[in-house]
Structure formats: C-alpha cells, structure tokens
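Working notes, beginning with the structure itself.
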Amino acid sequence: MNYFQLFSLPETFSVDKSVLANTYRELQKQYHPDKFVMLSDAERLTAMQKSTEINDAYETLKNSCLRAQYLLLLAGLDIALEQRTLQDTDFLMQQMMWREQIESFSEDDEDEIDAFSANIQQQVNDLESNIGQQLQEEALEATANSVRKLKFMLKLQTEIEQLEEKLFD
Amino acid sequence: MAYSEKVIDHYENPRNVGSFDKDDKSVATGMVGAPACGDVMKLQLKIDDNGVIEDAKFKTYGCGSAIASSSLVTEWVKGKTLDEAASITNTQITAELALPPVKIHCSILAEDAIKAAIDDYKSKNA
Ligand code: FES
C-alpha cells in the first residue's frame, strides 16, 4: 500500500490539506500504541510498524517537495538519494545573489526582508505549479529538475527564517 | 557530528575566499549546487597563457565540509594545468579531509565545480 492509498487520497500532486490532517488524526487514533498493550508481541510489532508508516506517510504527503519526490518514485524515478550536482548556471548565480542579499540584511531592513521573503515565496509557488503541471504531463525528468530547484528555494526560506529569528527575536 | 581537524582548519581559516571578474576571458567560473541540501558553490580559476592555473578563488554557501572542500581545491589547483585539475576526484578530497559518508556530496560539489569551471573556460575560449 503506498502513502496515498494509506490516506485514501488520489495520487496527485495537489492534496487537500484538511483532508490530509483529518485522516492523519483518525489513523493515529486507530493505531495508537496505548491500544496495543493487550496484544501479543507479534501483533504489537505490526501495529507499531503501521504507526511509524503513518507518520512517515504524513511527513511525506504534507511537504510539497517530498510529495513530488514520492510521486516520482511511484512513477519509477528515484531522486531522493541522488548525489549529482545541479549545474544550471543562471539559476545558481541567482541563488548566490539571494544568499549574498540575506547575508547583507540588518535589523533596519525589516521591510526589505519582507519584500525579499514574499518574492521567494512567489518563486516557490511558481515552481510548485510547474511541478503539478509537469507531473500531469508525466514529464518525469522535467519534474525532477523542478524538484531539485525547489530544494534550493526551500533552503533559502529556511535561511530567511533563521535570519528573522536572529534579528527580531 | 565530529569534523576532522583539517575540515575545521579550512572552515575557520578558509583559503582564497572571493571572486574574479567572471567576464574576464582568462577566468573560468564553475557554479554548482547540491540538490541534496540546497547548498551552492562558486569556484573561479585564473588561467595564464600557458594554460596553467595561477590563482583560484571560491565562494560557498554551505556546510563546513563544503567550505573545507572548496578551500582545499583552491590550494590544490594552483600551478596545475587544466587537465591535471580536471583529474582531481571527490575521493581524493574525501580522503584528505576525512569526510564521513554522509558528507560525500559536499566533496562531489567541489569536484564538479572544477569541471564546470573548466567547461566554462573552454566554451569561452573556443
Ligand atoms: S551539506 Fe550540503 S554541501 Fe555539505
């Protein structure tokens, strides 16, 4: 049973977040370890495995990048552990510039940081809509490339969060 | 995770951080990124008329191992020909810095940055 089936969701890139969260709560209840104290060791082990699987599935399905990667895996393309580098010069130059910009922000730049962060969010949205489209067209290599780019964008978002914490908390 | 002494040394005193003008014909620029973690590296080589690397600079936004790997290769490539530089492998970098298996992609980044820089130079001077 794959993660989508486990959550009774269609195997598509767009998922209904509230259905996902509700199903997660239901499944968690159903397989809660407290329920298994009376079971035999073997049964308890199966139940524990199930509950781990539910958690893994939830972590994968709720994150757009992992979800796309998982859909690629189901389609036969496994990029989760790949170690090859991305060499798209224009894209990477832009990444460098953004990271330099993050480095240069100070606590007086709250508005600039907001604008910067909104721009990055827009880029993430665009990439996600590309991924949805590309998966629909079963363009696996193109999807994989967008997923790789998305990882760089998400890294930027993490860095913005860290910067904001450092400057404003 | 414990970093080796060599990694810490390069991380704390990175050699050759900086940039050359990427539009200069004698400058080779390699840009690479690791999707595994979202880190990016820029490696630049300054190449003399005899095809020998006279200087190298890098800028890396990444983990300690990636910074150490790029710092190390800027030292290694100086005085080498392009072909010699192209033969540097991530295994050599990993061995020199005693990187653990999870950090192999960081050294691959440095190896590929050299190759990307050489490609850039060749296409610029073709
Ligand atoms: S963790 Fe990304 S380059 Fe090392």
- Message: Using only the alpha-carbon atoms, how far is helix A:89-104 inclined from the longest principal axis of chain A? Give it as 0 to 90 degrees, nearest 10.
- Response: 80
- Which shape class, rounded, prolate or oblate, goes with region B:5-121 when its Cα gyration tensor gives a ≥ b ≥ c as root eigenvalues, a/c under 1.5 marks rounded, and past that a/b bigger than b/c marks prolate? prolate
- Query: With charges only on Cβ, +1 for K and R and -1 for D and E, what is the dipole size of region A:3-62 about its Cα centre, in debye, rounded to 20?
  - Reply: 180
- Would you mind calculating the gained length between B:LYS25 and B:LYS6 on full extension (0.36 nm times residue separation, minus the Cα-Cα distance), in nm to one decimal? 3.5 nm
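Fewest Cβ neighbours within 10 Å first, please rank A:LEU163, A:LEU156 accordingly.
Starting with the residue having the fewest Cβ neighbours, the order is A:LEU163, A:LEU156.
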- From phi via Karplus (6.51, -1.76, 1.60), per-residue ³J(HN,Hα) for region B:27-40 in Hz, x at Gly/Pro: 9, 9, 10, x, 10, 9, x, 9, x, 3, 9, x, 8, 10
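About its Cα centre, what dipole magnitude does region B:53-116 give when the only charges are +1 on Lys and Arg Cβ and -1 on Asp and Glu Cβ, stated in debye to the nearest 20? Walk me through the numbers on the way to the answer.
Details: 6 positive and 8 negative charges, 44 e Å.
Value, rounded to 20: 220 debye.
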- Query: Between A:LYS166 and A:THR46, what is the spin-label point distance in nm, taking each point 7 Å from the Cα along the Cα→C-beta axis?
  - Reply: 5.2
- Message: Angle check, please: helix A:41-62 long axis (alpha carbons) against the longest principal axis of chain A (alpha carbons), in degrees 0 to 90, nearest 10.
- Response: 30
- Message: Using a 7 Å offset from the Cα along the Cα-to-Cβ direction at both A:SER14 and A:GLU53, what is the distance between the two label points in nm, to one decimal?
- Response: 3.0
- Reachable lysines, given that their alpha-carbon falls under 17 Å from the alpha-carbon of B:LYS103 and they are not under 8 places away in the same chain: B:LYS6
- Query: Full extension from A:GLU137 to A:GLN122: what is 0.36 nm times the residue separation minus their Cα-Cα distance, to one decimal in nm?
  - Reply: 3.1 nm
- Item | Selection from A:GLN5, A:ASN22, A:LEU61, by position along the positive dipole direction of region A:3-62 (Cβ) | A:ASN22
- Task: Choose one of A:MET38, A:ALA142, A:ILE102: the residue whose Cα lies farthest towards the positive end of the charge dipole of chain A (beta-carbon charges +1 Lys, Arg; -1 Asp, Glu; about the Cα centre).
- Result: A:MET38
- Item | Label point distance in nm, B:ASP49-A:ALA115, each placed 7 Å from Cα along Cα→Cβ | 4.8
- Message: Using helices alone, I'd like the mean residue ellipticity at 222 nm for chain A: each DSSP H run of four-plus residues gives -39500 (n - 2.57), total over residue count, nearest 500.
- Response: -24500 deg cm²/dmol
- Residues meeting the amide H criterion for B:VAL17 (H placed from the backbone, H to H distance under 5 Å, 5 or more places apart or on another chain) are B:PHE58
- Message: Whole angstrom only: what separates the Cα centroid of region A:60-123 from the Cα centroid of region B:1-66?
- Response: 21
- Rank these for me by crowding, B:THR94, A:THR12, going from fewest to most other beta carbons within 10 Å. A:THR12, B:THR94
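Take every Cα pair under 8 Å in chain B that's 6+ residues apart, average their separations, divide by the length, and report that relative contact order as a whole percent.
Working: 232 pairs, mean separation 38.8, N = 126.
In percent, rounded to a whole number, it is 31.
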- What list of ³J(HN,Hα) couplings, whole Hz, do you get for region A:123-137 from phi and the Karplus terms 6.51, -1.76, 1.60, once you set θ to phi - 60° and write x for glycine and proline? 4, 5, 4, 4, 4, 5, 6, 4, 4, x, 4, 5, 5, 4, 7
- Query: Could you put A:MET38, A:MET48, B:MET41 in order, starting from the residue whose Cβ has the fewest other Cβ atoms within 10 Å?
  - Reply: A:MET38, A:MET48, B:MET41
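All of the numbers you see were taken from the coordinates with simple rules; none came from a lab. Everything quoted here is computed from the prediction, not taken from an experiment. When we count neighbours, we look across all protein chains shown, and the Cβ atoms used for this are built from the backbone with ideal geometry, even at glycine.
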